[in-house]
Every structure is written in C-alpha cells, then in structure tokens.
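Note sheet for the following structure.
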Amino acid sequence: MKRLIIFLALCLAYQCTTTETPTSPTIDENTMQVSYRTPSLEADRLNVAFLIMDGVYNTELTAPYDIFQHTIFRDSIQSMNTFLVANTLEPITTFEGCLLYTSPSPRDRG
C-alpha cells in the first residue's frame, strides 16, 4: 500500500510539471491580439457538434463526446469529427464548475 501511494504521488508530481500547448485562447500582451486553436476537420468524416451552454452537466457532454471521438480508432465504423458549439466566446461554466473555452469559427473571424 505504501508503494502504491508513493507511485501515485510521483505520477501526480509528474503531471503537474508537464507543459502542454494551451487549448484556451491566448493573448499576445504586446499587441493584445487574441489567438485561438481551431480544430482540424477531416473531410472524409462525419461532423458531430455538441451545443454547450452555461450549466451543462459534465457527463452530458463528456460521455457522448468520448464515444463519437473514439470512432477514429475503429475500422468498422465511419470516423467522426467531434467539436463544441456555443453562442458566445466567453468561457462556458458547467454545472460542476469546469470552464470550457470556445473559439470562433473561421467564418466568424472574418
């Protein structure tokens, strides 16, 4: 049991030190320009959009998103592009308090 706790503590410490590309909007402090990461949509896949709004339950979003997104790993079913759609660029707050960041579509950016 002691080894398990030490192992989990080391895993947690490793996760806290990794740096990843942010998925939320980033702001260049010199120019105050906002940049967004746009999901890539593969042409040969079905598109599955999830409409999100403040108060959405995490499980209402994550469970179906996970199922549709994992079609890219299956040969027996057509792959699907999965993405979120919101009516605002402000962060969406789920019922449980998680923040979901949105980005404008290429059409909305002008």
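The values are calculated or read from the model by the stated rules, or taken from the named source; none is laboratory data. Computed from a predicted structure; not experimentally measured. Here the Cβ is made from the backbone with ideal geometry for all residues, glycine too, and neighbour counts use every protein chain on show.
If you go through segment 88-100 and pick out every residue that is outside any loop (DSSP other than H, G, I, E, B) and more than 21 Å from Val48 (Cβ to Cβ), you end up with 2.
Output yes when any residue across segment 71-87 is aromatic (Phe, Trp, Tyr) and either at pLDDT below 85 or in a strand (DSSP E or B) (or both), and no when none is. Yes, the conditions are met somewhere in segment 71-87. Please work out if Ala63 is modelled with pLDDT under 85 and part of a helix (DSSP H, G or I). Against the criterion (modelled with pLDDT under 85 and part of a helix (DSSP H, G or I)), Ala63 does not qualify.
Taking (1) modelled with pLDDT of 90 or more; (2) among the small types (Gly, Ala, Ser); (3) in contact with a Leu (Cβ under 8 Å, 6 or more places away or on another chain) in turn, Gly55 satisfies each apart from (3). Here segment 41-96 is the region considered, the condition is being more than 14 Å from the chain's Cα centre (by Cα) and aromatic (Phe, Trp, Tyr), and the residue that is surrounded by the fewest Cβ atoms within 10 Å (Cβ to Cβ) is Phe73.
Leu8 falls short on exactly one of the conditions (1) at pLDDT below 70; (2) under 21 Å from Ser103 (Cα atoms); (3) not aromatic (Phe, Trp, Tyr), and that condition is (2). Cβ-Cβ distances below 6 Å connect the following pairs, each with a first residue in segment 70-94 that is over 20 Å from Asn47 (Cβ atoms) and in contact (Cβ under 8 Å) with a residue 24 or more places away in the chain, a second residue that is of a type outside the set (Val, Ile, Thr) and assigned to a helix (DSSP H, G or I), and a separation of six or more residues or different chains: Thr94/Asn58.
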